[in-house]
Amino acid sequence: MKTRDLFNRIHFFSAILASACLAFQLIIISSNVIMRYFFQSGISWMEEISKDVLMTAFTFLSMAIGVKLDLHINVNLFPQKTPQWVTTFLQKLKYLILAIIGFVFLYYGILLILGIKARIASIPILPASLQFIMIPLAGFLIIYDSVANLFNMEKDDSYLDRKFMSAGEKK
Amino acid sequence: MIVDRIAITLLLGIFGVLVLLRVPITFCLAISAIVTGLYLNVPLEAIVKVMADGVMNFSLLAIPFFIIMGEIMNEGGISRRIVNLANLFVGRLPGGLALVNVLDSMFFGGISGSAVADVSSLGSIVIPMMKKQGYDEEFAVGLTVCSACQGIIIPPSHNMIIYAFAVGTASQLAGGSLMVLSVGKLFLGGYLPGILMGLAMLVISLIIAIKRRYPRGEGYTLKEAFHILWDGFLAMCTALIVVGGVVIGVFTATEAAAFAVIYAFIITFFVHREVSLFRFVKILYSSLKTLAIVMSLIAAASAYGHLLSRLQVPRLTTEWLLSITDNYYLLLLLVNLMLLILGCIMDMAPLILICTPILYPVLVLKMGMDPVHFGIMLLMNLSIGLCTPPVGAALFVGSAVGKIPIERAAKGCLPFYLSMLITLILVTYIPALTLTLPNLFMPGE
């Protein structure tokens, strides 16, 4: 399997995971409201899991997807007729900075996870480090995409769009 | 207390230079926080943790839900129904379609809360219709772009949630206790300014339409009218659930947003049934793409804000601004000018996250401005930036949808910039426009 295909699959898996986190949050928060109003009880772990685990998971996973799809917003004050070499330099600088940030997420994210010994208060069976588990994965994906762009390696940036955007489309 | 000028220069300088060099704003914030953290010997795990902690906030969960809600409604044909509803009310007046354009933005903005979503979905329906009826292209695009900015002010709007979050952070950074701004009050505060902005655009559109002899729209039969009203009512219920639920106190903003998503899901997939249930996968993915921008920004801005506070930048800015003038009205003028300029060159969400911690201590803590009033003023300023060159996102989408160059789209916006600026001045200097509804319906908050 080509490196490109392998990373496409990892990205696909991370997009599914992030979407699942979103959907799960939606379900547990709505269920909690219904239970609170109609059964005078609630899901004790709902708030902690949704804000501490699911929220960080889809934030960092979507950050990596944003890098792959070049979604993150920037300010473009350069005129349209900017020389090509300037544009190329700016692109390379961007990817270099992204690679550095990816490295910080990967390396220090792992250090952060290893340094946490506590457990999630409402579900003690789960380690508190679960909150940060997606940060190194996001870092890894950001490094790959930025390095691939930096060195003009073969990539397939429309892979995720092809997989998801046509889902459920009428023939 | 000693001020570390080198660290401040690093933090602000790296950010400023990299923004100008086209590096995405999220990563400008992150890298300047990382470099400054290294200089200050802050462990980088701590910087990464502050970023993660920044999004671990239950109120912020409303943002993904608002975005999913907008995507569902958009996918399910809400735009067409909203245009029909607006057409029913004002379509028969002179320049009917121009008025429809303003009114549907008011309705749709109230549901999606996004100016860009408004321009892309409503614009793709209304602009071709306007062109077909003989309206000038520039006018059609300019009106669509500017009217879409009401969506930021008219609730529910995820930018209001970002602002409420930023106020919480700002109050802590300023060294005070955590200020929990009522999202319900913020929602109510946006109604009158948003409607005022819409009315100003309606008047200008009407004057231009009469002057240029734009046509009236066609009428509907009673049966059609009833059908349109019912469809429109079902759509508008989404906004009612969110705003009503929060104001009455049935839901928190996050719960209301989650419920509104469930409602929108049922209406789209089980009542209208125009799209397959599998389309929800695409909806989640599209939402994720928007969230990639917003949530990453919040995470990076948290680390940046943490260092801004550590280096006392908000206090220094307060002192600097007050050294220029301590006259409240002049200060408001100064802040408005600054926000308008910044809005022209930077996007909305990053500016909310960066400017709130810096300006909140001056205007709210020192000068006693109401945080709801400050929030609406801030959002209005930045929403104007969305439709101005060189980086206005709504303007770019509008020119793409209308298939005209940016310059021509901006030319079409000119008369409406005037109406937006007049509304902004009124909202800035007449707090009652913002605070009447919140004080009336939520006096105890």
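Near the amide H of A:Arg119, under 5 Å away, which other amide H atoms are found, from residues 5 or more places off or on another chain, if H is placed in the peptide plane?
Distant-sequence amide H within range of A:Arg119: A:Ala128.
Express the accessible area of the range A:1-119 per residue in Å², computed with a 1.4 Å probe while the remaining protein chains stay in the model. Provide the component values of the computation, followed by the final result.
Numbers: 5890 Å² over 119 residues.
Each residue of the range A:1-119 exposes 49 Å² on average to a 1.4 Å probe.
As a test of the definition: with a 1.4 Å probe, what buried accessible area, both sides summed, do you compute for B against A, in Å² to the nearest 100? List each step's numbers first, then the result.
Numbers: alone 18820 and 11410 Å², together 24480 Å².
Rounded to the nearest hundred, the buried surface is 5700 Å².
Any chance you could give the angle, 0 to 90 degrees and rounded to 10, that helix B:432-441 forms with the longest Cα principal axis of chain B?
80
Evaluate the distance, in nm, between pseudo-label points positioned 7 Å from the Cα of A:Phe151 and of B:Leu316 along their respective Cα→Cβ axes.
Reported label-point gap for A:Phe151 and B:Leu316 is 4.0 nm.
Please give the FRET efficiency for A:Asp70 paired with A:Ala23, using the beta carbon to beta carbon distance and R0 = 22 Å, rounded to the nearest 0.05.
Values: r = 25 Å, r/R0 = 1.16.
The formula returns an efficiency of 0.30 here.
How large are Rg and Dmax for the protein assembly as shown when only the alpha carbon atoms are used, in Å?
Using the Cα atoms of the protein assembly as shown, the pair Rg, Dmax is 23.7, 74 Å.
Calculate what fraction, in whole %, of the accessible area of the protein assembly as shown sits on carbon and sulfur atoms when a 1.4 Å probe is rolled over the protein chains.
Numbers: 16520 of 24480 Å².
C and S fraction of accessible area: 67 percent.
B:Lys131 versus A:Arg9, label points 7 Å from Cα toward the beta carbon: distance in nm?
4.5
Please state the relative contact order of the range B:374-445 as a whole percent: Cα pairs under 8 Å, 6+ residues apart?
Details: 34 pairs, mean separation 19.0, N = 72.
Relative contact order of the range B:374-445: 26 percent.
Tell me, what is the percent relative contact order of chain A, built from C-alpha pairs under 8 Å that lie six or more residues apart? Please report the intermediate quantities before stating the final value.
Details: 152 pairs, mean separation 48.8, N = 171.
RCO, chain A: 29 percent.
Give the residue list of trypsin sites (Lys or Arg not before Pro) in the range A:40-137 that are DSSP loop and have at most 16 other beta-carbon atoms within 10 angstrom.
On the way: sites: A:Lys51, A:Lys68, A:Lys81, A:Lys92, A:Lys94, A:Lys117, A:Arg119; in loops: A:Lys81, A:Lys117.
Taking the range A:40-137 and a limit of 16 other Cβ atoms within 10 Å, the loop trypsin sites (Lys or Arg not before Pro) found are A:Lys81, A:Lys117.
Can you tell me the accessible area per residue over the range B:156-215, all protein chains present, probe 1.4 angstrom, in square angstrom? It would help to have the intermediate numbers written out before the result.
Values: 2280 Å² over 60 residues.
On a per-residue basis, 38 Å².
For chain A, with a Gaussian network of springs between Cα atoms less than 10 Å apart, report the residue from A:Gln91, A:Gln80, A:Gln131 with the top mean-square fluctuation.
A:Gln80
Could you state the angle between the C-alpha long axis of helix B:348-360 and the longest principal axis of the C-alpha atoms of chain B, as a value from 0 to 90 degrees rounded to the nearest 10?
50
To the nearest 10 Å², what's B:Leu234's accessible area with a 1.4 Å probe?
20
At 1.4 Å probe size, put B:Tyr163, B:Tyr417 in order of accessible surface, largest to smallest.
So, going from the largest accessible area down, we get B:Tyr417, B:Tyr163.
If you add up the charges near B:Ile404, with Lys and Arg at +1 and Asp and Glu at -1, over every other residue whose beta carbon is less than 11 angstrom from its beta carbon, what do you get? Could the numbers behind the result be given before it?
Working: positive: B:Lys131, B:Lys403, B:Arg408, B:Lys411; negative: B:Asp136, B:Glu137, B:Glu138, B:Glu407.
Result for the local shell: 0.
Any idea of B:Met348's accessible area? Nearest 10 Å², probe 1.4 Å.
Rounded to the nearest 10, the figure is 10 Å².
Probe radius 1.4 Å, ligands and nucleic acids left out: which of B:Phe139, B:Phe89, A:Phe140 has the largest accessible area, and how do the rest follow? Don't skip to the end; give the middle numbers.
Details: B:Phe139 10, B:Phe89 115, A:Phe140 85 Å².
Largest to smallest exposure gives the sequence B:Phe89, A:Phe140, B:Phe139.
For the range A:107-123, what does the Karplus curve 6.51 cos²θ - 1.76 cosθ + 1.60, with θ = phi - 60°, yield as ³J(HN,Hα) per residue in whole Hz, taken in order and with x for Gly and Pro?
6, 6, x, 5, 4, 4, 5, 5, x, 9, 10, 6, 10, 5, 4, 7, 10
Which entries in A:Lys68/A:Lys94; A:Lys92/B:Lys49; A:Lys117/B:Lys49; A:Lys155/B:Lys403 show an alpha-carbon gap greater than 21 Å? All intermediate terms of the calculation are to be shown ahead of the outcome.
Details: A:Lys68/A:Lys94 13 Å; A:Lys92/B:Lys49 28 Å; A:Lys117/B:Lys49 15 Å; A:Lys155/B:Lys403 31 Å.
The pairs that break the limit, which is 21 Å between Cα atoms, are A:Lys92/B:Lys49; A:Lys155/B:Lys403.
State, as an integer percentage, the relative contact order of chain B based on alpha-carbon contacts under 8 Å between residues 6 or more apart. All intermediate terms of the calculation are to be shown ahead of the outcome.
Numbers: 720 pairs, mean separation 116.8, N = 445.
Normalised by residue count, the contact order of chain B is 26 percent.
Protein chains only, probe 1.4 Å: how do B:Arg273, A:Arg9, A:Arg4, A:Arg36 rank by accessible area, largest first? Kindly include the intermediate steps, with their values, before the conclusion.
Details: B:Arg273 170, A:Arg9 140, A:Arg4 60, A:Arg36 90 Å².
Largest accessible area first, the residues go B:Arg273, A:Arg9, A:Arg36, A:Arg4.
Measure nothing fancy, just the Cα-based angle from helix B:137-148's long axis to the longest principal axis of chain B, in degrees from 0 to 90, nearest 10.
60
What is the gain in length, in nm to one decimal, between B:Leu229 and B:Leu330 on full extension, counting 0.36 nm per residue of separation less the C-alpha to C-alpha distance?
Net length gain for the segment: 31.7 nm.
When chain B is modelled as a GNM with alpha-carbon springs shorter than 10 Å, which of B:Pro314, B:Pro390, B:Pro43 fluctuates the most?
Most flexible of the set in this elastic network: B:Pro43.
Solvent-accessible area of A:Glu169, probe 1.4 Å, all protein chains present, reported in Å² to the nearest ten, please.
Only protein atoms counted, so the area is about 100 Å².
With a 10 Å cut-off between alpha carbons and a GNM built on chain A, which of A:Ser129, A:Ser158, A:Ser14 moves the most?
Between A:Ser129, A:Ser158, A:Ser14, it is A:Ser158 that shows the largest mean-square fluctuation.
The values are calculated or read from the model by the stated rules, or taken from the named source; none is laboratory data. All of these numbers come straight from a predicted model, not from anything done at the bench. Note that each Cβ is placed from the backbone with ideal geometry, even for glycine, and that neighbours are counted across all protein chains shown. For accessibility, only protein heavy atoms count, side chains too; no ligands or nucleic acids. Shrake-Rupley method; radii C 1.70, N 1.55, O 1.52, S 1.80 Å.
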